[in-house]
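Encoded as structure tokens, the structure appears first; notes follow it.
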Amino acid sequence: MRMHFIPHRENVNPIWVPQIGQKFRNLDDAWTFWVDYGGHVGFEVRKRYANESKYDGKITSCRFVCAKEGYRARDKRDNNTKNPRAETRTGCPVRIGLTLDRVEGTYEVLDLVLAHNHVLHLPQTFHLLLSQRRISEVQAFEIEAADDSGIRPKAAHELASRMVGGAINLSYTCRDQKNYLQGRRQRELAYGQAGSMLKYFQDKISENPSFHYALQLDCEEHISNIFWADAKMIIDYAHFGDVVTFDTTFGTNKEYRPFGVFVGFNQFRETVIFGAALMFDETCASFTWLFKAFLAAHNGKHPRTIFTDQDSAMGKAVREVFIESWHGLCTFHIMQNAAKHLSDSKKDKKDDDKDNKKPHILTEFSACMYDIEDKVAFDEAFDIMINKVDKKKASWLQNIYKFKEQWAECYMRDVFTLGMRSTQLSESFNSDLKDHLKSDLDIIRFLKHFERAVQTKRNKELDEEFEARKKLPRIRMNTPMLVQASKIYTHPIFEAFQTEYERSMAACARPLSGNDTYAVAIVRANGDLSSEQERIVVGDPLEQASSCSCYQFTRTGVLCSHALKVLDLMNIKLLPAHYVLKRWTREAREGTHT
């Protein structure tokens, strides 16, 4: 015998309970009332049928029921199903029938059954009823914002629940949120991966006509490579595109495997993005197209210096396209390769243990890369290394020696690098995207995550700008030149300059033959009055110039302690204008930059 559970009317406000003879202006109002009634009592609702007039198309009658009304139709496949879905219907008789009153144009309740034949849901679970779950426009915006910010759905749902006092007060579940996001992504990819990507870029152009992108098609007219740079990237490159690093990372998705990014330093030595690319492969032809697209986006302006890894295809493309740029190889990658190719075998390690005084070959290689400043001394040290190792290691050393002009200190002393020696700026940015470089990630989500990562970097510059206006730089010596520099340079550059200025106070200078030529050495602060290597500095009082053999200003744009010492000897107490690089100043973004 089937038991009947009648809802406790005393627990439900009478205004929510339907009555025979009750009238509604339209069916939408009637359905909303039935949904709300189900939500207050604790049962799911469903539309059963609607009769439509053939004369005028109006609904003349309809019935709304409990979702457990009727029984599921049998399917011959049920016998073959190992784990069939659980039965949810019980033949519940609860219903409300409405009939059109053509005179008044309203719908009247003429049929009503409120006694269920099943247990009702607990009040604590009413919010889980499908009819009670909905995502409003405001909630949809919050869900999308959380997703675009990289917040996982579960964490976003938990936060939304806390904000309204618990999940019971939230009108959607975590599953609803995931389904909404899935539907959103399907809508975004309605035109396929390629079509959706093009629509994304076209929308960006609509927002700002300065947005730039370029496509390369293969022989079948499919998109193979794509480059893009937004308006801010183009402006940033105009100001700070003198030194660029480029690196590629695998793992964006099945179609666009390598992701490449062009990166540099801004006036605060923070990372700034100049452009990005999704590539089909890493061939010379693809890199050549990409580098040409990069120059086209930036009005043909070549960087003074570009760093890449040791990829031969990339190197060939750089030589072909960046004809006005000096090309450097990433020293970090070279040292990694050196560690791999020059590592000792177990036998070698035992031999080294017997003679700990013998420097390791990697230490000697590192000295050749970073420390030796004389080319003759470099060649001598390299020859000694080659003669020490076996044929396999010697072969690697001889091969890397062919590219010495692109990584050895003695060949890079007068190259403008801003102090960079590797592509780790690009790699650092790529690491910020590592959670979004997944093989199953669709292209639109990746582009949005990339956009968010770029904005994070830009926010750091805004933070630096804010701090620069909030805090005054700490001047450790009240001299005219330091006071002047504190007003000109950004904080990190002023700190670097102030360090050099303090070192100049510990410098000893001895005149050499010739006018205003000095040998300058910095006395070490270890109490024994020993000094660092002497540098030759040529001064020119008329031109207010001080040229040092360490080439620090040529490389970084910040005067060295040796040159500052000679300026002081020539009674030049303010920093000459030609020693102030605009890219390092507080006004780096003002006006045009060439």
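Rundown of residues vs (1) loosely packed, with under 15 Cβ neighbours inside 10 Å; (2) on the phi < 0 side of the Ramachandran plot; (3) without any contact (Cβ under 8 Å) to a residue 12 or more places away in the chain, yes/no style:
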residue: Gln498; (1), (2), (3): no, yes, no
residue: Arg503; (1), (2), (3): no, yes, no
residue: Ala507; (1), (2), (3): no, yes, no
residue: Leu512; (1), (2), (3): yes, yes, no
residue: Asp516; (1), (2), (3): no, no, no
residue: Glu534; (1), (2), (3): no, yes, no
residue: Val538; (1), (2), (3): no, yes, no
residue: Gln544; (1), (2), (3): no, no, no
residue: Ser547; (1), (2), (3): no, yes, no
- Item | Yes/no for Lys178 being basic (Lys, Arg) and at pLDDT 80 or above | no
>> When you check Glu320 against the structure, is it part of a helix (DSSP H, G or I), surrounded by fewer than 17 Cβ atoms within 10 Å (Cβ to Cβ) and at pLDDT 95 or above, yes or no?
In response: yes
Of those in segment 459-490 that are aliphatic (A, V, I, L, M) and in contact (Cβ under 8 Å) with a residue 60 or more places away in the chain, the residue farthest from Glu502 (Cα to Cα) is Ala468
Only one of Arg555, Arg589 is crowded, with 16+ Cβ neighbours inside 10 Å, under 25 Å from Asp236 (Cβ atoms) and either modelled with pLDDT under 95 or touching a Phe, Trp or Tyr at 6+ places or on another chain (Cβ under 6 Å) (or both), namely Arg589
Of the residues in segment 28-59, those that are surrounded by fewer than 18 Cβ atoms within 10 Å (Cβ to Cβ), within 16 Å of Glu104 (Cα to Cα) and touching a strand residue (DSSP E or B) at 6+ places or on another chain (Cβ under 8 Å) come to Lys58, Ile59
Residue hits (segment 97-146; among the hydroxyl-bearing types (Ser, Thr, Tyr) and not in a helix (DSSP H, G or I)) are Thr99, Thr106, Tyr107, Ser136
Original post:
Just a yes or no: is a residue in segment 521-530 charged (D, E, K, R) and touching a helix residue (DSSP H, G or I) at 6+ places or on another chain (Cβ under 8 Å)?
Top reply: no
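Rundown of residues vs (1) among the aliphatic types (A, V, I, L, M); (2) modelled with pLDDT under 95; (3) surrounded by fewer than 14 Cβ atoms within 10 Å (Cβ to Cβ), yes/no style:
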{"site": "Thr363", "(1), (2), (3)": "no, yes, yes"}
{"site": "Phe378", "(1), (2), (3)": "no, no, no"}
{"site": "Ile384", "(1), (2), (3)": "yes, yes, yes"}
{"site": "Val389", "(1), (2), (3)": "yes, yes, no"}
{"site": "Glu405", "(1), (2), (3)": "no, no, no"}
{"site": "Phe416", "(1), (2), (3)": "no, no, no"}
Selection over segment 261-290 where residues are among the aromatic types (Phe, Trp, Tyr) and closer than 26 Å to Gln336 by Cα yields a count of 3
The one condition Asp463 fails out of (1) within 22 Å of Ser546 (Cα to Cα); (2) exposed (fewer than 14 other Cβ atoms within 10 Å of the Cβ) is (1)
Those residues of segment 14-27 which are surrounded by fewer than 13 Cβ atoms within 10 Å (Cβ to Cβ) and more than 18 Å from Ile59 (Cβ to Cβ) amount to Pro14, Ile15, Gln19, Ile20, Gly21
All conditions in (1) touching a Phe, Trp or Tyr at 6+ places or on another chain (Cβ under 7 Å); (2) over 26 Å from Cys410 (Cα atoms) are true of Trp584 except (2)
Checked segment 212-245 for anything in a strand (DSSP E or B) and within 17 Å of Phe280 (Cβ to Cβ); matches are Tyr213, Ala214, Leu215, Gln216, Leu217, Ile223, Ser224, Asn225, Ile226, Phe227, Trp228
Pairs returned, first residue in segment 14-33 that is assigned by TED's automatic domain parsing to the domain that holds Glu108 and on the phi > 0 side of the Ramachandran plot, second residue that is assigned to a strand (DSSP E or B) and of a type in the set (Asp, Glu), beta-carbon separation under 9 angstrom, 6 or more apart or interchain, are Gly21/Glu108
If we ask which residues in segment 323-359 are surrounded by fewer than 15 Cβ atoms within 10 Å (Cβ to Cβ), modelled with pLDDT under 85 and not in a helix (DSSP H, G or I), their number turns out to be 7
Flagged in segment 202-238 as farther than 30 Å from Gly591 by Cβ and either out of contact with any Phe, Trp or Tyr (no Cβ under 6 Å at 6 or more places or on another chain) or surrounded by fewer than 16 Cβ atoms within 10 Å (Cβ to Cβ) (or both), in numbering order, are Gln202, Asp203, Leu215, Leu217, Asp218, Cys219, Glu220, Glu221, His222, Ile223, Ile226
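The values are calculated or read from the model by the stated rules, or taken from the named source; none is laboratory data. Given the structure is predicted, the values throughout are model-derived calculations rather than measurements. All Cβ positions, even for glycine, are placed from backbone atoms using ideal geometry, and neighbour counts span all protein chains on display.
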